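Here's the structure we're looking at; comments come further down.
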Amino acid sequence: MWWTVPPWAVGVLVMVLSRGGSPSGRDLAVMAVTTVLVVAGGSLLDRLPLAGLGLLLATLPAGGWLSIGILPFAQFAVVAFGLYRIAATATPRVSSIALAATAAVEILCLVSAPPVYSVLVLFAVIAWLLGRAVGQAREHGAARVSWTAAKAVTDERLRISRELHDTVAHSIGVIAFQAGAARRVIGTRPDEAARALGEIETAGREVLTGLRRMLVALRDGDPAPAGGLADLSRLGGAGLSVEIRELGGRRDLPPEVDTAAYRIIQEAVTNVARHAATGSCTVTIDYRETEVAVEIVDGGRGGRGPVTPGFGLAGMRERAALLGGEFAAGPAPGGGFRVAARLPVEAR
């Protein structure tokens, strides 16, 4: 920092910037006192800014005792640097008090000086403005870092929430559906009940495996692995037949697009199994040049009245929006329910 300059350098600077003459004993004494005040004031600026500035301002009237110059420019420069430091690091209230005190003392010291020297007060104001600009930039940077960190935490929570929902909801839906089916037929059709219990066992193992994989990934700090369109064959079960149609020729997609498309289809199929009261649905995947479009249509009872979005629909809509895509869900024209999403893909 500027106040760590050797003390003798301040005295030399005063002599160099003073006008003419040879320093007398009194001049040397004044310069020694000025040097002590400058070093002491500079060391206090960070801890006690107003006290440090007071010591720097005390050098201004002391400069009037020099016989080798009329105006000690170096001392005004030191005060300006001190004011800059306070404006850059202290609170707005403290820096405003520092500016007012500096202006008042400098004006008093310049009362008997030629009018041209009043520009020194302007230099102090400029130093204060520069310091405030630096301080505000630092505050803005710190606030942005805090905001970025908070946003990262929020995004991670949302990601974990989506992954948990997508991992658990599908399997729990299968388990609930098959448990109900087994309960209804266990006395009359034991083979059907046994098949339903097998589906429950399989779905339970899958959800446990998915949760274990996610917890391990979270513990290790790595992104939790997610499914992709290559895993669509796992979406059957729960008494639901899923017909998959692919248009345009399958091709590799960016990981985030592949995962989003799979999760949207998975959630839509889960909703069909839980709410549509039908045994089948059709999944269409259209690989286009600049996007991939997915559509899930069932022949069930469809929606009645306005669609009330739950966590599933909200999650699907959010996944599409995060990729700059489009999402729609509602009753299909020919009956049943339709979910559709378009996810942009950069041309390769």
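Taking packing as the residue-averaged number of other Cβ atoms within 10 angstrom, the listed peptides 259-267, 192-200 run from highest to lowest as 259-267, 192-200.
Between Glu318 and Thr209, the modelled labels are 2.7 nm apart [label points 7 Å from Cα along Cα→Cβ]. Give me the 1.4 Å probe accessible area per residue for region 242-286, excluding ligands and nucleic acids, in Å². I get 43 Å² per residue for region 242-286. Averaged per residue, region 71-146 has 53 square angstrom of accessible surface, using a 1.4 angstrom probe with ligands and nucleic acids left out. Multiplying the residue separation of Ala277 and Ala230 by 0.36 nm and removing their Cα-Cα distance gives an extension gain of 14.2 nm. Taking every protein chain into account, the 1.4 Å probe leaves Glu243 with about 90 Å² of accessible area, to the nearest ten. Each peptide among 33-41, 246-254 gets the average number of other Cβ atoms lying within 10 Å of its residues, and from highest to lowest they stand as 33-41, 246-254.
Rounded to the nearest 0.05, the FRET efficiency derived from the C-beta distance between Leu129 and Ala152 at R0 = 30 Å is 0.30. Full extension of the chain segment joining Val145 with Glu326 gains 62.0 nm, where the gain is 0.36 nm per residue of separation less the Cα-Cα distance. Compared with the direct C-alpha span, the chain from Ala103 to Glu289 gains 60.2 nm at full extension, assuming 0.36 nm per residue.
The values are calculated or read from the model by the stated rules, or taken from the named source; none is laboratory data. Remember, it's a predicted structure, so these values are computed and weren't measured experimentally. Heads up, the Cβs are rebuilt from the backbone with ideal geometry, glycines too, and the neighbour counts pull from every protein chain shown. Side chains included, ligands, DNA and RNA excluded: accessible areas come from the protein's heavy atoms. Shrake-Rupley method; radii C 1.70, N 1.55, O 1.52, S 1.80 Å.
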